[in-house]
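Written out below as structure tokens is the structure these notes cover.
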Amino acid sequence: MYYLLWADLTVTPSEMKVMKKLLERQKWLSKEEKKFLLDKLNLSEFPGPNELKAWRKEIKNVKKNGYRSPIDLGIELVKQHTNGQPISFDGESIQSLQEAESELGLLSREVGYLFEQEHSTITSRYEARSVFGVESMQSILDGNQAGLIKKIKETISDQSFAYPEYESIKAQREQVFAWSKALAEQGFGSWAFPKAYGGKEDMEGYFTIMEALSYHDLSLVIKFGVQFGLWGMSIYFLGTEKHHQKYLKDIGTLELPGCFAMTETNHGSNVRGLETTATYNHQDQTFTINTPHKLARKEYIGNAAMHGQMATVFAKLMIDGEDFGVNTFVVPLRSKSGEIVKGVSIEDCGRKMGLNGVDNGLIGFNEVLIPKENMLDRFAKVNDAGEFESSISSDNKRFFTMLGTLVGGRIGIPRSALSAAKSGLTITIRYSNERMQFGPEGGKEVPILNYRMHQRRLMPPLAKSYALHFALKYVTERFLNKTEEEAKEIEALAAGIKAYTTWFTTATLQECREACGGKGYLSENRIDDLKNDSEIYTTFEGDNTVLMQLVAKSRLSEFKEEFSDMNIFTMFNYVVSQARTSVTEKNPIIVRSTDEEHLLDFDFHMKAFTFREREIVASSAKRLKRHIDEGMDSFDAFNVSQHHLVNVGLAYIERVVLEQFQLQINNTKDEGCKKVLTQLCQLYALHTIEQNKGWYLEQGYMEGVKTKAIRKTVNQLCWEIRQESIALTDAFGIPESCLAAPIAMRK
């Protein structure tokens, strides 16, 4: 016991008190022996290192016989020092020793490990293994896009795409532009354009290219997206044949670098509030593009500061002093030689938190004249008589139809973000599997991924990355095959999945940075670039909080329509059905059930997610109605309910993600893959429920005993998935040259 105390370098006052009390109660010790032992508690009598080593050696010799507790070891030592003569230990002495052992915090089993010759750990049970084929899992993830993904990965693995050290922002921008040019030369830029203009008419392939490029450099992804997605697709979707013929081929080859000029300093998400004007001049068949004041300049515009020659400009159309709302116009910015067009002013946004390979700028227009044909006129135009004309009579519908054609960005961005999260997880999990730290006393150091807390930090994000992969596939398919009737629903779905995924990426990369310790802070290990470059994704294509409110409004509209279509009879049936569901799911047996089979059951997970989604929508609808009934207008009612509206959006998206994950598992034939995907899905579901346990407890849907059991089950799933985690990240198929982090390199 003295060795255990002094091995910690000092004896505290409370430990001193325990030991003095213990010595007083040892009747088998003589007065001289007690004095000797009391003196050994003084700091001046601190044993030297050689003395401590000698004590340890003697104890370890006794430990060979298998004695575990300090008391058993001590008794055996006494026997050795009395030539085997028995010592009579009375009951009080033994009891006082046991009490002191407890008060000093000396856990018998742990103390036993201190003196093992070779500590036998359970590390082998934590080692990485795989019950599935990595290639089979990668095939499931890549799906019908496997060929294109392989082609992209081969391209970005080429030596010409190796990461350089940049001497300046200008050098970084030029490198990213050169990479974009190389991709355009291979036909990747025009991939979604019509075949007549050098493309393949493959929008799904375009999203795949964005996703795969995101394993390399996010500045390249955004540069690529601005040029071929925003600039090119705005011409394609908002323009007509004359615009396609004039611009698309040169855009696809990057002969015509361009911009997408929507956002203004004063008006970010509020596109309808834009102040830039396009005034029609009927006499000379032109538009005058004008920025009325400094805060109406186009801001954060990619490609503007260095490379953009033209821009799709969103501006209010003015005819004879009348405002016909926001429309789009092609406006020149620079000549091919790089000279800025008269009336155009461009200011560099300068260094940013990330994405410094993209040349963002502010653009102002001072009475810039453009020809009439530069109006993108798919949805509206100025006719030969100088009058506004549109096939869509409603201003609201026309505006949202125009913006709806550009919703693809809300699919490309989350797919790119998820690739960044996958890269961060791959780097971190590989490092955590190799990084040895601490371990049990007397034993070897163990990988930090063996620690339950480390598993808790990394395994739920790994599970969620798989969940989101399949959800994004689903959203992409819905977007590509949407009908006019589905447009609003899919816009809301895309907005929600964009917000949910980019929030996930931001949180995951922060966790990866911390989980790698100091190594995660070194730029060479790439987490800083991944983290900083993807940070803006929560703002790109709409601020996430605003987008989740948009989702909520869509869900509430559907909720309202569902009820407005009900007659008295169906309304009664609905209420009875809801009451029956509530009684069934809030059954005392169910709310307290901790049975493992029940907790891991897909049906339980889906019911819990659906119940939460439905209850939050109904609660928000009641809240809004109450505010309006009390005299608030709809704006104020929504304003005071914003927190609840975000939860409406989150609950909806979480249910969709779980639904698609479960569906994927049902459709998976490979048994090994199916087994581990099932565990990942269970972890995603239970971890999400655990994060919302306060809500479930408030609703009486679960009791504390059940949420505690869920926590334990999450821990167990993390432990099991930890063993598969290396193979699961290998299945992402990220090129080694793109990971490039020394801490993640294969040995």
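Projecting the Cα positions of SER465, GLN455, GLY424 onto the charge dipole of the stretch 423-490 (unit charges on Cβ atoms of Lys, Arg, Asp and Glu, taken about the Cα centre) puts GLN455 furthest along the positive direction. Hey, what angle do you get for helix 13-24 against the long axis of the chain, alpha-carbon based, 0 to 90 degrees rounded to 10? Long axis of 13-24 versus the principal axis of the chain: about 20 degrees. Of the listed residues TRP28, TRP695, the order by accessible area with a 1.4 Å probe, largest first, is TRP28, TRP695.
What you get for the chain, charging only the Cβ of Lys and Arg (+1) and of Asp and Glu (-1), is a dipole of about 1700 debye around the Cα centre.
If I compute solvent accessible area with a 1.4 Å probe over the protein chains, what percent of it on the stretch 390-443 is carbon and sulfur? Accessible surface attributable to carbon and sulfur in the stretch 390-443 totals 51 percent. Packing here is the average count of other Cβ atoms within 10 Å per residue, and on that basis the peptides 190-196, 165-171, highest first, run 190-196, 165-171. Accessible surface calculations at 1.4 Å, restricted to protein heavy atoms, place the stretch 241-302 at 45 Å² per residue. Can you give the net charge of the other residues whose Cβ lies under 14 Å from the Cβ of CYS681, counting K and R as +1 and D and E as -1? Net charge around CYS681: -2.
Please work out whether the stretch 264-369 counts as rounded, prolate or oblate from its C-alpha gyration tensor, where a ≥ b ≥ c are the square roots of the eigenvalues and a/c under 1.5 means rounded, while otherwise a/b larger than b/c means prolate and anything else oblate? Oblate, since a/c reaches 1.5 and b/c is not below a/b. Each of THR483, TRP719, ILE94 was placed along the dipole of the chain (beta-carbon charges, centred on the mean Cα), and the one lying farthest toward the positive end is ILE94. For Cα Rg over 2.2 N^0.38 Å, the choices are [x] 1.23; [y] 0.98; [z] 0.92; which was calculated from the structure? The calculated read-out lines up with [x].
Classify the stretch 168-229: rounded, prolate or oblate, from the alpha-carbon gyration tensor (a ≥ b ≥ c, eigenvalue square roots; a/c under 1.5 rounded; otherwise prolate if a/b is larger than b/c)? Prolate shape, in that a/c is at least 1.5 and a/b is the bigger ratio. Given the pairs LYS482/LYS693; LYS473/LYS607; LYS397/LYS422; LYS35/LYS57; LYS519/LYS706; LYS488/LYS693, which span a C-alpha to C-alpha distance of over 28 angstrom in this model? Distance filter (> 28 Å) returns LYS482/LYS693; LYS397/LYS422; LYS519/LYS706; LYS488/LYS693. The residues of the stretch 319-468 have, on average, 41 Å² of accessible surface per residue, using a 1.4 Å probe with all protein chains present.
Against the empirical 2.2 N^0.38 Å (N residues), the stretch 353-422 has a Cα radius of gyration ratio of 1.64.
Taking trypsin sites (Lys or Arg not before Pro) across the stretch 644-695, the ones in a DSSP loop with at most 14 further Cβ atoms lying within 10 angstrom of their Cβ are LYS669.
Just to confirm the filter: which GluC sites (Glu not before Pro) across the stretch 666-747 are DSSP coil and have at most 12 other Cβ within 10 angstrom of their Cβ? The partial results should precede the final answer.
Numbers: sites: GLU671, GLU690, GLU698, GLU703, GLU720, GLU724, GLU736; in loops: GLU703.
Listed in order of number, the matching sites amount to none.
Rounded to 0.05, the FRET efficiency of the GLU486 and MET745 pair, given R0 = 41 Å and the Cβ-Cβ distance, is 0.35. Excluding same-chain neighbours fewer than eight residues apart, the aspartates and glutamates reachable from LYS531 by a Cα-Cα span under 20 Å are GLU165, GLU211, ASP217, ASP359, GLU511, GLU514, GLU541, ASP543, GLU736.
Give the calculated FRET efficiency between SER88 and ASP595 to the nearest 0.05, with a Förster radius of 51 Å applied to their Cβ-Cβ distance. Efficiency, from the Cβ-Cβ distance: 0.45. For the stretch 236-301, chymotrypsin sites (Phe, Trp or Tyr not before Pro) meeting the loop criterion (DSSP other than H, G, I, E, B) and having at most 13 other Cβ atoms within 10 Å: none.
In the structure shown, the pairs LYS20/LYS40; LYS181/LYS249; LYS200/LYS336; LYS675/LYS712; LYS242/LYS298; LYS53/LYS444 are assessed against 22 Å; a Cα-Cα span above that value is assigned to LYS200/LYS336; LYS242/LYS298.
By the gyration tensor of its Cα atoms, with a ≥ b ≥ c the square roots of the eigenvalues, what is the shape of the stretch 382-462: rounded for a/c under 1.5, prolate for a/b over b/c, or oblate?
Because a/c hits 1.5 or more and a/b exceeds b/c, the stretch 382-462 counts as prolate.
The values are calculated or read from the model by the stated rules, or taken from the named source; none is laboratory data. The shown structure was predicted, so the numbers you read here are calculated from the model rather than taken from an experiment. Here Cβ is always computed from backbone atoms with ideal geometry, including for glycine, and neighbour counts include all displayed protein chains. When the accessible area is computed, the model is the full protein with side chains, heavy atoms only, and any ligands, DNA or RNA have been set aside. Shrake-Rupley method; radii C 1.70, N 1.55, O 1.52, S 1.80 Å.
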